[in-house]
Each structure stands twice: as C-alpha cells, then as structure tokens.
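These notes are about the structure you will find just below.
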Amino acid sequence: QPDDRGLIGDVPVLRVTRRGPEAVHFVPAALEPGAEVLLSLDWERRFDHMQQHSGQHLISAVAEQMFGFKTTSWELGRQRSVIELDTPSVTAEQVQALEESVNEKIRDRVPVTVRELAADDPEVETVRSRGLPDDHVGPVRVVDIKGIDSNLCCGTHVSNLSDLQVIKLLGVEKGKKNKTNLVFLVGNRVLKSIEQSHSTEKALTSLLKNGPGEHVEAVKRLQSSVKLLQKNNLNLLRDIAVLIAREFKSKPAPKQLFVLHRKEGDSEFMNIIANEIGTEETLLFLTVGDEKEAGLFLLAGPVEAVENLGPRVAELLGGKGAGKRGRFQGKAAKMSRRGEVQALLQEFISHQNPGA
C-alpha cells in the first residue's frame, strides 16, 4: 500500500518509509526537535487506499473460496489496481460471478476489524499471509472481515464493507507464467471512472453527431475513410514525385545539385524522386515536414560525396541519420537550417568542379 501524505505543522510530507519499527518521514525543510506540531493527514488519499486495500482483501478471499484462485501478489496503482492470481486463466463468467459475490457482501455490511497477536501466537499460523518481513519486530497485526477472511496486514482498512460502496472488476490480463492479473476499481474510483467515461461519451457524441450506441460504428466508418484517403494521398504523392523528377531531367543542362522541400511528403516520396532522377552525377537534398521545426531529410548522390556529407548534414539539421550506397536519410529537428545545408552542398560541388 502506498504511504500516507499530509503536513507536519505547515511542512508537507513528501514520502514515508519504514525502517524496522519506525516510520521515516521525508520533508523539504528542517523541523525543530521537540516542537509541538499539528499533524494533518491527506484524508482523500488515505481513504482511497483504504477502499482499494480492503477491496483487495475481499476479492482475494472470495476468489479463493469460490474458485480456489490464490493471490500471489497485488499492486495498488494510481488509477487502477491489479491482483495476481495463481491460475493460467479466468473466464468472463467467473469474473462476473466474483463481482456479483463481492458486491453482495458489501450490501450485507460485513464488519472489518483489526487485532494484534504476539508473533509466536499459534493462531498466526492459521491466518492467511505471504510471510512477515525479515526485520519485523513486535506484535502481528491481523485484519478480519467477519466470516470471510483473516489476513496478516499492516495497511489501513475500512471498518465495514459498506464503506467500499461498490467493486468493479474491469477484466483480466495475461500475467507471468501460469498467472492471471485481475484488474479492479473500488468505491470512489468507480465513480470517477464513470464520470470520465461519461465526459468522453459526451465529447464523442458531439464530434460524431450520433448517439452513444452508434459510436463504434461511426469510428469504424471514419477509419475506413481515413485509410482510403491515405491511400489516395500516397498515390498522388508518388505521381507528383515522378513529375518533379521528369521535369528536372528534361532540362537541357541539369544542375549537379537538386534541392526540394515539400511539407506533405514522406520518405517514400523522397526516394521516388531520387530513383527517377538518378544519383550517379546529381547530388540531391530532399526534405519533408514542417519548414521551421521537425521533419525528414534525404541526401542522395555519388557514394563518396554522400558518405562525406551525410553526417555533416544531419548535424546541421540537429538530427540523426544513417545511410549506405549513396543515400543518407534520417530525422531533422531544425528544418529552418536547410539553407545552411544547401550552402554546404553548393560549396562542396564548387570545390569538386573549380571551373564550374
């Protein structure tokens, strides 16, 4: 169970850990030894942990009673909690039956009590437990859910199952080998989940212009439309790439450097242009994406030139890349420096051809 938070006087408690029998509090400012202070507990956090922890005890006990599923571990998460059950699978019918049973016990208002036993008390051996810490000292704490469960536990719990309000089992997930993870919410977390789901439902209703029962079909139609548009867009980009290359090659005396930027392009768009123009004699610097922010680049041309210039181009663009056989491509973080790259390439060509 996560630690409590709150205030010591007006100093916030950042973290609490256990060191043997002592609770060590981490605070951002020094406290005066011996000073009398008022302790303030973050009750919303504490009560949330109480609900989830008592809920876990109840779910674990009933799961073992109904189906023989033993709990091997559990995690109290920030938004949802998970119980690891010692079984390779749990059916949907078993999840439903378990949920109905634990909620029935909540409605029965079963008391939850805490008692302490001496560590050598024989009764300790009869209580459900995963063992005591090696550094444990003092009495042993037992949490009882009347007629349902007795468990060694140092966590905080509700005094009656009715304080849990409701338990919702969200389903199961594949766990470690031969284990199954059961995901659950208890009490106020169920209410918050419903509120979030309702807000999402309202937003989708407004965006999709139909009722909640039609949301899934509407999204499927949108996905199909997007896939078709993406396919058509890709075909158009390919056609544009071919036309750009042909226009360049049709010029009487093609230049040794070809530079092009297109916001809507992609890696395939750039490679089609490079393939169509040919890179034996021409050095190509192609970029796609946002003109001033991030994007993709391709440097293509004679193998030796690209090997020499590729890393320098990537460095100028604030990006990373890799290449082979006359092509060097990657991601760029500073597309606004394309002009500097072009100047570098032009200077390189001038040095290669002094009379040009």
Exercise. What nm value, rounded to one decimal, do you get for the distance between VAL37 and LYS220 when each label is placed 7 Å out toward the C-beta?
Worked result: 5.9
Exercise. Using +1 on the beta carbon of Lys and Arg, -1 on that of Asp and Glu, and nothing else charged, what's the dipole of the chain about the Cα centre, debye to 20?
Worked result: 1720
Exercise. What is the calculated FRET efficiency for LEU228 to VAL259, with r their C-beta to C-beta distance and R₀ = 30 Å, to the nearest 0.05?
Worked result: 0.35
Exercise. Where Rh is the Kirkwood radius over the Cα pairs of the chain, the temperature 25 °C and the viscosity 0.890 mPa s, what D in µm²/s does Stokes-Einstein return?
Worked result: 91
Exercise. Where the centre of each part is set by its Cα atoms, how far does the stretch 48-97 sit from the stretch 214-283, in angstrom?
Worked result: 53
Exercise. Under 16 Å from the Cα of LYS179, which aspartates and glutamates turn up, not counting those fewer than eight places away in the same chain?
Worked result: GLU64, GLU75, GLU84, ASP86
For this session: May I ask you to compute the full-extension gain from LYS292 to LYS146, defined as 0.36 nm times their residue separation minus their alpha-carbon distance, rounded to one decimal in nm?
Result: 45.9 nm
Seminar exercise, completed: Here, chymotrypsin sites (Phe, Trp or Tyr not before Pro) of the stretch 10-103 satisfying both criteria (DSSP loop; at most 12 other Cβ within 10 Å) are none
Problem set entry | Residue (of VAL142, SER267, ILE240) at the positive-pole extreme of the chain, dipole from beta-carbon charges | ILE240
Problem set entry | Sequence-separation-based contact order of the chain, relative, with Cα cut under 8 Å and 6+ spacing, percent | 10
Seminar exercise, completed: Computed over the chain: longest principal axis from alpha-carbon atoms vs helix 43-67 long axis, angle to nearest 10 degrees, is 80
Problem set entry | Of LYS105/LYS174; LYS202/LYS227; LYS105/LYS168, pairs whose Cα-Cα distance is over 19 Å | LYS105/LYS174; LYS202/LYS227
Seminar exercise, completed: Rounded to the nearest 10 degrees, the helix 338-352 long axis (Cα) sits at an angle to the longest Cα principal axis of the chain of 40
For this session: Compute the FRET efficiency between HIS198 and VAL242 as 1/(1 + (r/R0)^6), taking r as their Cβ-Cβ distance and R0 = 41 Å, and round to the nearest 0.05.
Result: 0.20
Exercise. For the stretch 288-355, which whole-number percentage of the solvent-accessible area (1.4 Å probe, protein heavy atoms only) is attributable to carbon and sulfur atoms?
Worked result: 48
Seminar exercise, completed: Output for the stretch 230-276: GluC sites (Glu not before Pro) sitting in coil per DSSP, at most 11 other Cβ within 10 Å, listed by number, reads GLU264
Exercise. Excluding ligands, DNA and RNA, what is the solvent-accessible area per residue of the chain at a probe of 1.4 Å, expressed in Å²?
Worked result: 61
For this session: With label points built 7 Å along Cα→Cβ from the Cα atoms of GLN352 and GLN79, find their separation and express it in nm.
Result: 5.2
Exercise. Between ALA23 and GLU104, what length in nm is gained on full extension when 0.36 nm per residue of separation is reduced by their alpha carbon distance?
Worked result: 25.5 nm
Exercise. So, by mean Cβ neighbours within 10 angstrom, what's the order for 341-350, 284-293, 206-215 with the highest one leading?
Worked result: 284-293, 341-350, 206-215
Exercise. Once the dipole of the stretch 40-197 is set up with Lys and Arg at +1 and Asp and Glu at -1 on Cβ about the Cα centre, which of THR126, SER159, PHE184 lies farthest towards its positive end?
Worked result: PHE184
Exercise. In degrees from 0 to 90, rounded to the nearest 10, what is the angle of the helix 92-107 Cα long axis to the longest principal axis of the chain?
Worked result: 40
Exercise. Rounded to the nearest 0.05, what FRET efficiency do CYS154 and ARG5 have when you use their Cβ-Cβ distance and R0 = 22 Å?
Worked result: 0.80
Exercise. Considering only DSSP states other than H, G, I, E and B, which GluC sites (Glu not before Pro) in the stretch 1-103 qualify as loop sites with at most 15 other Cβ atoms within 10 Å?
Worked result: GLU36
For this session: Report, ordered by chain and residue number, the lysines lying within cross-link reach of LYS231, taken as a straight Cα distance under 22 Å and ignoring same-chain residues fewer than 8 apart.
Result: LYS220, LYS263
Exercise. Nearest 20 debye, what's the magnitude of the dipole of the stretch 229-352 about its Cα centre given +1 on Lys and Arg Cβ and -1 on Asp and Glu Cβ?
Worked result: 140
Exercise. Just from its helices, what would the mean residue ellipticity at 222 nm be for the chain, if runs of 4 or more DSSP H residues each count -39500 (n - 2.57) and the sum is divided by every residue, rounded to the nearest 500 deg cm²/dmol?
Worked result: -13000 deg cm²/dmol
Problem set entry | Distance (nanometres) between label positions extended 7 Å along Cα→Cβ at GLU276 and ARG325 | 2.1
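The values are calculated or read from the model by the stated rules, or taken from the named source; none is laboratory data. Computed from a prediction, not measured in an experiment: that's the story for all the values here. Virtual Cβ from ideal backbone geometry, glycine too; neighbours counted across all protein chains shown. Surface accessibility is based on the protein's heavy atoms, side chains included, excluding ligands, DNA and RNA. Shrake-Rupley method; radii C 1.70, N 1.55, O 1.52, S 1.80 Å.
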